[in-house]
Amino acid sequence: MDIKENIEKIREDFPILKREMCNHPLIYLDNCATTLKPKTMIDAVVHYYTYLGANAHRGDYEMSAQVDYAYEQARKITQEFIHAKRVEEIVFTSGTTESLNVLAMTITDQWLNDGDVVLSTVAEHASNVLPWMEAGKPKNIKVEYIPLDEKGRLTAENFEKAITDQVKVVSIAQVTNVLGYEAPIKEITKIAHDHGIKVVVDGAQSVAHLPVDVQDLDVDFFCFSGHKMCAPTGIGVLYGKFELLEALTPAFFGGESNARFNKCGKVSLKKTPLKYESGTQPIEGALGLAAAMKYINHLGKENIHRYELELKRYFLEKIKDVEKVKVYNADAQSGIITFNVYDNGKIIFPQDVASFLNTKGIAIRSGEHCAKLLGEVLQVPGTCRASVYFYNTFEDIDKFVEALKEASFETCLDIFF
Ligand SMILES: Cc1ncc(COP(=O)(O)O)c(C=O)c1O
């Protein structure tokens with residue numbers, strides 16, 4: 001679908017776009033944090049609570065069978081969405097953070113030994129570093145950081161140079177959440193596998209924007225969150241190659257994941273993926289995720305990505321003569337724009353800029369964006385981040401640029417007095 005031509009119709013699908021913020025029409029440019037939700041997705045969640053209601057995989061009655069069918073269909077749609085080989089390779093979790101924690105706990109406990117190393121980068125979200133750090137402590141497993149290039153990008157060359165005999169896992173984002181650079185995942189995976197290294201990919205900022213084919217990338221694990229792709233909060237995905245999910249023992253145990261157990265502690269687990277879904281699953285989340293995926297498929301991910309880049313190029317063109325706005329990632333091929341505003345050569349505190357934009361109805365993110373190690377590379381205390389999605393318009397960008405032109409110490413601090 002041509003997004004530019006159909007933008008009014010697309011925006012009609014998002015009821016929240018009719019709301020105002022600070023008495024201005026809402027301009028939502030915080031899509032990296034979470035995306036807005038289309039009516040079809042909201043309807044899918046309401047439908048579950050209104051007409052289905054039962055738990056999954058537990059009842060022997062019609063309602064329950066209908067839930068089982070809908071839930072497993074959602075798994076199938078997710079499999080197709082990332083082109084996984086088998087439907088069993090899709091585990092539903094609460095989000096990227098849980099998926100990465102589960103992997104860090106299980107892989108560290110079951111596959112790593114004293115002195116082994118997990119490679120990551122300083123551009124990663126905390127959710128892709130802290131789980132490895134914490135899981136590794138009892139076994140003396142360190143997280144080491146692949147040096148980024150001068151722009152803050154991860155290259156296959158730097159990854160290869162960082163490999164030692166101790167490296168057993170590399171855990172990296174496909175698209176980073178501050179600078180928005182896409183990592184060469186396919187190349188990195190090939191190098192990693194040649195060295196017997198497992199590849200974990202954080203897809204939180206990529207899967208909603210780029211076509212993702214886990215078989216083509218050949219990654220071992222791929223994690224993402226529903227809420228960053230038009231689905232509800234509280235649902236996410238852990239994709240793993242079937243034989244790897246089969247080989248690992250899960251981190252959590254409970255009613256859904258066991259086939260039987262006895263008083264002596266003998267436990268038989270269900271088959272993958274149910275052995276990983278230990279309690280009542282986020283059922284409405286899975287149904288909402290399926291509806292969101294259908295919505296995104298109907299727009300087409302190539303179209304979404306192309307449109308986001310058009311919006312970003314339009315912004316860069318309009319801002320290029322506004323010297324006080326410094327953009328850090330003009331060349332990143334994503335809809336993420338990371339910048340600071342200066343006044344007389346001094347940075348205006350990013351939160352003050354965000355608060356000023358709020359008074360104009362514009363939502364952006366400011367601060368360190370949960371990637372606290374990246375400050376070393378950017379050498380600034382924080383940044384402002386605007387991130388576009390397919391429902392943003394060129395008029396949104398016009399208003400955003402006009403507002404940035406007005407930003408100064410005086411206007412940004414004025415709002416607090
Ligand atoms: C790159 C990246 N990884 C992980 C996360 C964590 O996602 P969630 O909070 O949905 O678990 C985020 C959230 O912003 C992110 O941008």
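The values are calculated or read from the model by the stated rules, or taken from the named source; none is laboratory data. These numbers come from a predicted model, not from an experiment. Because the Cβ atoms are built from the backbone with ideal geometry, glycine has one as well, and the counts that use them run over all protein chains shown.
The helices (runs of 4 or more DSSP H) found wholly in the range 373-417 and carrying at least 1 residues that are within 23 Å of the chain's Cα centre (by Cα) and free of Cβ contacts under 8 Å to residues at least 60 places away in the same chain occupy 375-378. Consider the range 371-409. How many of its residues are small (Gly, Ala, Ser), under 19 Å from Val353 (Cα atoms) and out of contact with any helix residue (DSSP H, G or I) (no Cβ under 6 Å at 6 or more places or on another chain)? Matching residues across the range 371-409 total 4. So which residues in the range 318-340 are under 22 Å from the mean Cα position of the chain (by Cα), surrounded by 21 or more Cβ atoms within 10 Å (Cβ to Cβ) and of a type in the set (S, T, N, Q)? Matches in the range 318-340: Asn329, Ser334, Thr338.
When you go through Ile77, Ile107, Ile141, Ile90 one by one, which is the residue that is away from the ligand (no atom under 16 Å from the Cβ), of a type outside the set (Gly, Ala, Ser) and within 17 Å of the chain's Cα centre (by Cα)? One residue alone meets the criteria, Ile90.
Yes or no, residue by residue, for (1) closer than 30 Å to Ser257 by Cβ; (2) assigned to a helix (DSSP H, G or I); (3) within 16 Å of the ligand (Cβ to nearest atom):
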{"site": "Lys4", "(1), (2), (3)": "no, no, no"}
{"site": "Ile10", "(1), (2), (3)": "no, yes, no"}
{"site": "Thr34", "(1), (2), (3)": "yes, no, yes"}
{"site": "Val45", "(1), (2), (3)": "yes, yes, no"}
{"site": "His57", "(1), (2), (3)": "yes, no, no"}
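Scanning for something out of contact with any Asp or Glu (no Cβ under 7 Å at 6 or more places or on another chain), crowded, with 16+ Cβ neighbours inside 10 Å, among the acidic types (Asp, Glu) and free of Cβ contacts under 8 Å to residues at least 24 places away in the same chain, does the range 60-79 turn up at least one residue? Within the range 60-79 (the criterion being out of contact with any Asp or Glu (no Cβ under 7 Å at 6 or more places or on another chain), crowded, with 16+ Cβ neighbours inside 10 Å, among the acidic types (Asp, Glu) and free of Cβ contacts under 8 Å to residues at least 24 places away in the same chain), the answer is yes, since at least one residue qualifies. Per the listing Met41, Met21, the residue uniquely farther than 24 Å from Ser225 by Cα, at pLDDT 95 or above and within 27 Å of the chain's Cα centre (by Cα) is Met21.
Among the candidates Ser127, Ser99, the residue that is within 21 Å of Ser257 (Cβ to Cβ) and touching a Ser or Thr at 6+ places or on another chain (Cβ under 9 Å) is uniquely Ser99.
Can Lys168 be described as part of a strand (DSSP E or B), crowded, with 18+ Cβ neighbours inside 10 Å and touching a residue at least 12 places away in the same chain (Cβ under 8 Å)? Against the criterion (part of a strand (DSSP E or B), crowded, with 18+ Cβ neighbours inside 10 Å and touching a residue at least 12 places away in the same chain (Cβ under 8 Å)), Lys168 qualifies. For Ile296, the criteria (1) aliphatic (A, V, I, L, M); (2) closer than 20 Å to Thr108 by Cβ; (3) in contact with a Cys (Cβ under 8 Å, 6 or more places away or on another chain); (4) more than 16 Å from the ligand (Cβ to nearest atom) hold in every case but one, which is (2). Inside the range 1-42, can you point out the residues that are closer than 25 Å to Gly180 by Cα and of a type outside the set (A, V, I, L, M, F, W, C)? Correct list: Asp2, Lys4, Arg11, Tyr28, Asp30, Asn31, Thr34, Thr35, Lys37, Pro38. A count restricted to the range 184-201 and to residues that are within 21 Å of Pro131 (Cα to Cα) and of a type in the set (Gly, Ala, Ser) stands at 1. In summary, Asn303 fulfils each of the numbered conditions (1) more than 17 Å from Lys37 (Cα to Cα); (2) in contact with a Leu (Cβ under 9 Å, 6 or more places away or on another chain) with the single exception of condition (2).
Would you check if there is a residue in the range 236-244 being over 23 Å from the mean Cα position of the chain (by Cα) and in a loop (DSSP other than H, G, I, E, B)?
Pass one, the range 236-244, residues over 23 Å from the mean Cα position of the chain (by Cα): 243.
Filter once more, keeping what is in a loop (DSSP other than H, G, I, E, B): none.
No, that holds for no residue.
With respect to Asp220, determine if the residue is touching a His at 6+ places or on another chain (Cβ under 9 Å), within 30 Å of Leu287 (Cβ to Cβ) and surrounded by fewer than 17 Cβ atoms within 10 Å (Cβ to Cβ). The answer is no for Asp220.
For the range 110-127, a tally of residues being surrounded by fewer than 22 Cβ atoms within 10 Å (Cβ to Cβ), within 16 Å of the ligand (Cβ to nearest atom) and assigned to a loop (DSSP other than H, G, I, E, B) returns 1.
Output the residue which, of all residues in the range 194-205 that are among the small types (Gly, Ala, Ser) and crowded, with 23+ Cβ neighbours inside 10 Å, is nearest to the ligand (Cβ to nearest atom). Restricting to residues being among the small types (Gly, Ala, Ser) and crowded, with 23+ Cβ neighbours inside 10 Å, the top hit is Ala204.
Taking the range 171-193 as the range and being part of a loop (DSSP other than H, G, I, E, B) and either touching a residue at least 40 places away in the same chain (Cβ under 8 Å) or within 12 Å of the ligand (Cβ to nearest atom) (or both) as the test, the residues that pass are Gln174, Thr176, Asn177, Val178, Leu179, Gly180, Tyr181, Ala183. Looking across the range 341-351, the residues that are surrounded by fewer than 21 Cβ atoms within 10 Å (Cβ to Cβ) and not in a loop (DSSP other than H, G, I, E, B) come down to Tyr342, Asp343, Lys346, Ile347, Gln351.
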